[in-house]
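Asks: One structure coming up, written as structure tokens, with questions to follow.
The values are calculated or read from the model by the stated rules, or taken from the named source; none is laboratory data. Since the structure is predicted, the reported quantities are computational estimates derived from the model, not experimental observations. All Cβ positions, even for glycine, are placed from backbone atoms using ideal geometry, and neighbour counts span all protein chains on display.
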Amino acid sequence: MKTVAIIGGGPAGAMAAERLARGGVRVTLFEEKPGWEKPCGGALTARVLRRYSFLTAVAPEARYVREAQFAGAKGVLATFRLRQPVAIYSRAKLNRALLGRAAEAGAEIVEDRIVSLARAGAGWRLEGRRQLCQADFVLLAAGARSRLRVSLAGDLQPRDFMHTFGYYVPGQDERLRVAFFDDFEGYAWAFPRTDHLSIGVCGRVGDSGMPELRARLQGFVNRFGYRTDGAPVYAHLLPALTAESWSNLRLAGPQWALAGDIAGLVDPVTGEGVYYAMRSGELLAESLLEGSPASYPQRIWQDFGSELVCAARLRALFYRTDFLGSPISTHMIRFSSRSQAVLGLLQDLIEGTQAYSNLPTRIYGRVAASLVEIAANSLGAELPYPRSAES
């Protein structure tokens, strides 16, 4: 493997470029707009910060938030202090920092958009708007809407995406805020950055159109008193693969691979993508440096792919299943203010340490235990078990 071309300079492409360049591979990364602002919340959880601790040094301009407020359907509200702070970044600054590490490692960063790629002998011929390039291996790490994916791995289905719509609002806040709705696969958010707030909403394609998303976001804005007049607007497509699409997902082939958003490697419940983008870029680099590119899909599956499949299967449980008259998300928010066990579960989900594979068991166990706990407290009875977030 002499030369690798990477299309896309987001977290997946930049991470792969940096690791490959440090391993002695000649890397050319193509990105039309280095350091662009991506329409998203920009929150990095404790799991991301632990694995990629260098971020606090190379990208120090983050807002560290230690308080959260979650709103459920029917007016349920819970405010609590986070066990571990969440770092909220401007994606433009985060992307520039990751590209800077790749360039420092020896990767060549080219400001160009690749418009086509075709086989050239055992490798590839890439045509950009400004130049041509040849490479032995191609990593496609562009955005979810790139049409280059079709020629390699086919297209994703409309149901594999969520619409997002929102504003960049001037101002400051001390807490992040998330609101869920009744019988709706999506949520609204307000994440404070260093000099503004990212306020938005997401909903599954096919379930809700843009007018409904705007209406839901406006209700969120009105409820919490945000001022969006004249604020810049954004809209975006966010991958959220169904379980069926996961069973047919192609991540690699002869001399090519996909990583990050364009591969669909996003948590279909929370919409978190930065961690999986960086991790997929890292795993692809490890596969190539070890001379085993075909091992990349299996590495993804063993590392986090199987968990994301579980998430895809549990999405309806989290957002839609009617359990005692409300979605599970509403019960978790309601009981988190009364039960340390449920609050601990919610904290684990925020930090990214709660596995989806045993989430249903833990949810039902915690909610049932909370009902007993609340009933016992109301009667003044002594609890038969310790009241601990770790219970």
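Asks: Among the numbered conditions (1) on the phi > 0 side of the Ramachandran plot; (2) touching a residue at least 12 places away in the same chain (Cβ under 8 Å), tell me where Gly325 comes up short.
Replies: It fails just one condition, (2).
Asks: Residue by residue through region 217-227, note down the ones that are assigned to a helix (DSSP H, G or I) and either over 21 Å from the mean Cα position of the chain (by Cα) or free of Cβ contacts under 8 Å to residues at least 12 places away in the same chain (or both).
Replies: Once the filter is applied, which keeps residues that are assigned to a helix (DSSP H, G or I) and either over 21 Å from the mean Cα position of the chain (by Cα) or free of Cβ contacts under 8 Å to residues at least 12 places away in the same chain (or both), region 217-227 yields Gln218, Gly219, Phe220, Val221, Asn222, Arg223, Phe224.
Asks: Tell me yes or no: at least one residue of region 162-171 is of a type in the set (S, T, N, Q) and out of contact with any Cys (no Cβ under 6 Å at 6 or more places or on another chain).
Replies: No, because not a single residue in region 162-171 is of a type in the set (S, T, N, Q) and out of contact with any Cys (no Cβ under 6 Å at 6 or more places or on another chain).
Asks: Now, a different point. Scan region 113-127 residue by residue and report those that are surrounded by 19 or more Cβ atoms within 10 Å (Cβ to Cβ) and farther than 14 Å from Leu152 by Cα.
Replies: Keep residues of region 113-127 that are surrounded by 19 or more Cβ atoms within 10 Å (Cβ to Cβ), which gives 114, 117, 124, 126.
Matches in region 113-127: Ile114 only.
Asks: Hey, another quick one. Take the residues in region 141-170 that are of a type in the set (S, T, N, Q) and not in a helix (DSSP H, G or I), then tell me which one is modelled with the highest pLDDT.
Replies: Per the criteria, the residue is Thr164.
Asks: Also, quick follow-up: Is it the case that region 174-197 has a residue that's in a loop (DSSP other than H, G, I, E, B), in contact with a strand residue (DSSP E or B) (Cβ under 9 Å, 6 or more places away or on another chain) and of a type in the set (Val, Ile, Thr)?
Replies: Looking through region 174-197, at least one residue is in a loop (DSSP other than H, G, I, E, B), in contact with a strand residue (DSSP E or B) (Cβ under 9 Å, 6 or more places away or on another chain) and of a type in the set (Val, Ile, Thr).
Asks: So how many residues does region 5-42 have that are more than 19 Å from Gly123 (Cα to Cα) and of a type in the set (Phe, Trp, Tyr)?
Replies: Total meeting the criteria: 1.
Asks: Tell me which residues, restricted to region 160-184, are more than 20 Å from Arg223 (Cβ to Cβ) and either free of Cβ contacts under 8 Å to residues at least 24 places away in the same chain or touching a Pro at 6+ places or on another chain (Cβ under 9 Å) (or both).
Replies: Asp160, Phe161, Met162
Asks: Limited to region 88-101, what total is found for residues that are at pLDDT below 90, of a type in the set (Ser, Thr, Tyr) and either assigned to a helix (DSSP H, G or I) or in contact with a Leu (Cβ under 7 Å, 6 or more places away or on another chain) (or both)?
Replies: 0
Asks: For region 81-92, how many residues are touching a residue at least 24 places away in the same chain (Cβ under 8 Å) and surrounded by fewer than 18 Cβ atoms within 10 Å (Cβ to Cβ)?
Replies: Qualifying residue count for the region: 4.
Asks: Moving on to the next point. Please work out which residue is farthest from Pro11 (Cα to Cα), limiting yourself to region 107-120 and to residues that are assigned to a strand (DSSP E or B) and of a type in the set (A, V, I, L, M, F, W, C). So that I can check it myself, show each step before the final result.
Replies: At the first step, the residues of region 107-120 found to be assigned to a strand (DSSP E or B) are 108-110, 114-120.
Narrowing further to those that are of a type in the set (A, V, I, L, M, F, W, C): 109-110, 114-115, 117-118, 120.
Details: Ile109: 14, Val110: 16, Ile114: 18, Val115: 21, Leu117: 22, Ala118: 25, Ala120: 28 Å.
Looking at residues that are assigned to a strand (DSSP E or B) and of a type in the set (A, V, I, L, M, F, W, C), I get Ala120.
Asks: Can you work out which of the residues in region 182-209 that are over 22 Å from Gly230 (Cα atoms) and out of contact with any Ser or Thr (no Cβ under 9 Å at 6 or more places or on another chain) is modelled with the lowest pLDDT?
Replies: First pass over region 182-209, keeping only residues over 22 Å from Gly230 (Cα atoms): 182-187, 203-209.
Filter once more, keeping what is out of contact with any Ser or Thr (no Cβ under 9 Å at 6 or more places or on another chain): 183, 204-209.
On the way: Asp183: 83, Arg204: 92, Val205: 92, Gly206: 88, Asp207: 86, Ser208: 80, Gly209: 86.
Here the answer is Ser208.
Asks: Can you spot a residue in region 315-332 that is modelled with pLDDT of 85 or more, in contact with a helix residue (DSSP H, G or I) (Cβ under 9 Å, 6 or more places away or on another chain), more than 17 Å from Phe180 (Cα to Cα) and part of a helix (DSSP H, G or I)?
Replies: Checked against the condition, which is being modelled with pLDDT of 85 or more, in contact with a helix residue (DSSP H, G or I) (Cβ under 9 Å, 6 or more places away or on another chain), more than 17 Å from Phe180 (Cα to Cα) and part of a helix (DSSP H, G or I), region 315-332 yields no hits at all.
Asks: Pull out all pairs, ordered by first then second residue, where Cβ-Cβ is under 6 Å, the residues are six or more apart or on different chains, the first lies in region 273-298 and is not assigned by TED's automatic domain parsing to the domain that holds Asp261, and the second is buried (at least 24 other Cβ atoms within 10 Å of the Cβ) and in a helix (DSSP H, G or I).
Replies: Close Cβ pairs (under 6 Å, with a partner that is buried (at least 24 other Cβ atoms within 10 Å of the Cβ) and in a helix (DSSP H, G or I)) amount to Tyr296/Leu284.
Asks: Out of Glu127, Glu104, Glu67, which single residue is in a helix (DSSP H, G or I), among the acidic types (Asp, Glu) and at pLDDT 95 or above?
Replies: Working: Glu127 fails: in a helix (DSSP H, G or I); Glu67 fails: in a helix (DSSP H, G or I).
Going through Glu127, Glu104, Glu67 in turn, the sole match is Glu104.
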